[in-house]
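Remarks on the structure that follows.
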Amino acid sequence: MTGVYVHVPFCKRKCPYCDFFSAAADESRIDEYTRALCGRIGLYAGRYPCAADTLYFGGGTPSLIGAERLCRIYSAVSEGFGLSQGAEVTLEVNPEKKDIDFEALRKCGFNRVSIGLQSSDDNELGLLGRLHNRDDALRCIRAARSAGFDNISLDLMIATPSQTRESLKRSIAFCAENGARHISAYLLKIEEGTPYYRMKDSLGLCGDDEQAEAYIFAAEELESYGYGQYEISNFSIEGYESRHNLIYWRDEEYFGFGPSAHSFIGGRRRYYERSFEGFYNDELIDDGEGGGEEEFIMLGLRLAEGITYERFRRRFGRELPEKYVRRAQALEAAGYTVSDTDGIRLTRRGFLVSNAVLAEILK
């Protein structure tokens, strides 16, 4: 599997918790960026001929640049890389009041929409600095479905300011009742350098134990609606897992285009710095070799399936080293891992402290 990621770094207003690279949008800047993207995609498609299995437009707010530009970029990828039959093509959108031409996007070839809901509670949305309300989100979902999008993913944030168990429960019900096939449910993370980081002491944030309780509650509530957990923060109806994100977690190759975008091609990891200038000048920074066994294990243990002996054998042509199995087994008594005849994996409790568990397994 090979994926293509396109970063569209434009927003109406940056959310106070967001650390992704983004900038204010104006028509001339967007046009310049669209031309640069199409040119860079064509250049690398010529250097690395292959068929892409997934295409993902992230941001920022990709829908801000309009369907015509998005379809131009889609065409550049399709013509350059040759999207495989049945490729998954995802567009991130925010459910704001501006209409999105979902019909044009569906006709062009997009077949999956990821909507930044975050919450169905208007008060919580206001505290998160979001520009939409519950009704806007509902209108956006219905418009996407009316245009023929069946594969709709919704983002939810857990342990946000003022969120309660009941309001989280209502947000999950909102997702299920409106036909979401996939839900990304993330604990709020306070990133250094963001407005939320500067005001963190006054936000009334949850403590570690409260966050853990909210995460476990959300996971169990999502499961009650038929959403299976397949990754630390991702849940789906069976068959609707994000194929693009699975490429990352299974340590497969992908191209990234745009400021701050990362690539993993030919066994090496590269990325663009967080600036338009660096991207326009094609200043790719070499981040070293990738795809080794420790990286494969680290990424794979984010998945509910974990590292299976069969998948490791297929990748490396040898058995999973015993040292990793022993270390995972040593964490079973604390309830963080499971090891059986299939392989090793983290439990939901292990997911909550995944950084520490992975460090122990890979030490």
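The values are calculated or read from the model by the stated rules, or taken from the named source; none is laboratory data. Owing to the predicted nature of the structure, the values given are computational and were not obtained by experimental measurement. A quick note on method: Cβ atoms are made from the backbone with ideal geometry, for glycine too, and the neighbour counts reach across all protein chains shown.
When only residues in region 173-192 that are among the aliphatic types (A, V, I, L, M) and part of a helix (DSSP H, G or I) count, which is nearest to GLU231 (Cα to Cα)?
Only one residue tops the list, namely ALA176.
Using the structure shown, decide if ILE141 is in a helix (DSSP H, G or I), touching a strand residue (DSSP E or B) at 6+ places or on another chain (Cβ under 7 Å) and of a type in the set (A, V, I, L, M).
Yes: the conditions hold for ILE141.
Residues in region 215-225: is at least one in a helix (DSSP H, G or I), at pLDDT below 95 and more than 20 Å from the chain's Cα centre (by Cα)?
No, region 215-225 has no match at all.
Residue-by-condition table, conditions (1) out of contact with any Ser or Thr (no Cβ under 9 Å at 6 or more places or on another chain); (2) part of a loop (DSSP other than H, G, I, E, B); (3) surrounded by 17 or more Cβ atoms within 10 Å (Cβ to Cβ):
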position: SER263; (1), (2), (3): yes, no, yes
position: ARG274; (1), (2), (3): no, yes, no
position: GLY288; (1), (2), (3): yes, no, no
position: GLU295; (1), (2), (3): yes, no, no
position: ARG311; (1), (2), (3): yes, no, yes
position: TYR324; (1), (2), (3): yes, no, yes
position: GLU332; (1), (2), (3): no, yes, no
position: GLY335; (1), (2), (3): no, yes, no
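Of all the residues that make up region 54-85, how many are in a loop (DSSP other than H, G, I, E, B), surrounded by fewer than 20 Cβ atoms within 10 Å (Cβ to Cβ) and of a type outside the set (Gly, Ala, Ser)?
Going through region 54-85 one residue at a time, the tally reaches 1.
Filter region 230-266 for residues that are of a type in the set (D, E, K, R), within 15 Å of GLU305 (Cα to Cα) and more than 12 Å from the chain's Cα centre (by Cα) and give the result.
GLU238, ARG250, ASP251
Only one of these is without any contact (Cβ under 8 Å) to a residue 12 or more places away in the chain and under 26 Å from ASN111 (Cβ atoms): ARG35, ARG47, ARG40. Name it.
After ruling out the rest, the residue left standing is ARG35.
Can you tell me how many residues within region 159-176 are surrounded by fewer than 22 Cβ atoms within 10 Å (Cβ to Cβ), at pLDDT 95 or above and hydrophobic (A, V, I, L, M, F, W, C)?
Qualifying residue count, region 159-176: 3.
Quick one: GLN229 ticks every box in (1) touching a strand residue (DSSP E or B) at 6+ places or on another chain (Cβ under 7 Å); (2) surrounded by fewer than 17 Cβ atoms within 10 Å (Cβ to Cβ) except a single one, so which number is it?
GLN229 satisfies every listed condition except (2).
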